[in-house]
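Read-outs throughout are calculated quantities, based only on the coordinates presented, and are distinct from any laboratory measurement. The structure displayed is predicted, hence computed values, not measured ones. Every residue, glycine as well, gets a Cβ built from its backbone with ideal geometry; the counts of neighbours run over all protein chains shown.
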């Protein structure tokens with residue numbers, strides 16, 4: 001992959017995933033977090049499964065059905081619900097900033113759970129990144145109008161729960177599914193997530209029919225921000241490597257804040273910018289990305 005193609009792919013992927021926070025805000029308000037997430041993964045599965053059939057990779061999905069199901073639970077079903085719930089209160093940009101802590105959770109899990117040894121610089125990055133998360137949550141809840149601070153804290157916790165799920169799913173996939181074709185993993189995980197959320201979605205189905213705008217937001221989430229984005233992401237990993245693909249983490253909040261300000265009139269304040277900078281700096285240190293890139 002050439003440098004130009006790498007940059008173009010990263011920007012496109014970040015733009016799609018940044019836009020997903022806008023679509024979640026528009027859809028969750030009418031569908032509810034659970035129904036929206038269930039329809040999102042079901043739609044993505046319907047897009048990806050025919051491609052899986054064309055490549056004749058069903059056997060890989062069947063052989064690894066259980067671990068793929070676990071990844072579907074923690075990489076799609078739960079974080080999509082948590083993330084959609086967060087956007088009921090938080091703006092798209094702020095939710096994306098909290099979501100950018102996913103690599104921090106992944107590094108923390110590798111350290112505490114898997115016993116991976118971290119250098120002093122990476123430990124410093126963890127401390128710095130989580131300090132940014134706590135500071136941003138405290139600042140936004142303190143700045144909220146009277147009576148809304150608790151709701152902001154709860155929504156921030158929901159966004160961080162989604163990021164924690166992503167961090168856990170990375171290690172599940174890495175330890176158990178390293179030899180599984182990317183498309184089988186993507187399609188299988190979306191199918192598993194759809195099965196997990198089917199009954200909860202029926203239970204929490206919206207009482208009022210969602211508007212056309214909400215349906216369009218759902219379609220964009222399923223087709224563009226999930227199915228197409230997964231294909232793009234796994235192609236990026238295959239051709240450029242995971243260490244370069246992780247750079248998309250640093251671009252998503254930028255696009256989410258820009259889309260939120262442009263299309264939803266959201267305000268970008270100093271607390272968001274400062275918190276975002278601290279979290280991303282901590283992420284760069286904790287993942288070892290910044291010293292390695294600087295050396296190169």
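Computed over the chain with a Gaussian network model linking Cα atoms closer than 10 Å, the most mobile of 163, 214, 151 is 151. Applying D = kT/(6 pi eta Rh) to the chain, where Rh is the Kirkwood radius over alpha-carbon pairs, T corresponds to 10 °C and eta to 1.306 mPa s, the Stokes-Einstein value obtained is 82 µm²/s. Sorting 2, 76 by the number of Cβ atoms found within 10 Å of their own Cβ, with the fewest placed first, yields 2, 76. Summary of the geometry: region 65-116 and region 37-58, compared by the centres of their Cα atoms, lie 21 Å apart.
Dividing the summed -39500 (n - 2.57) terms of all DSSP H runs of n ≥ 4 by the residue count of the chain sets its mean residue ellipticity at 222 nm at -25500 deg cm²/dmol. When the Gaussian network model of the chain links Cα atoms closer than 10 Å, the mean-square fluctuations of 45, 65, 222 top out at 65. Listed peptides 225-234, 132-141, 184-193 appear in the order 184-193, 225-234, 132-141 once ranked by packing, highest mean of other Cβ atoms within 10 Å at the front.
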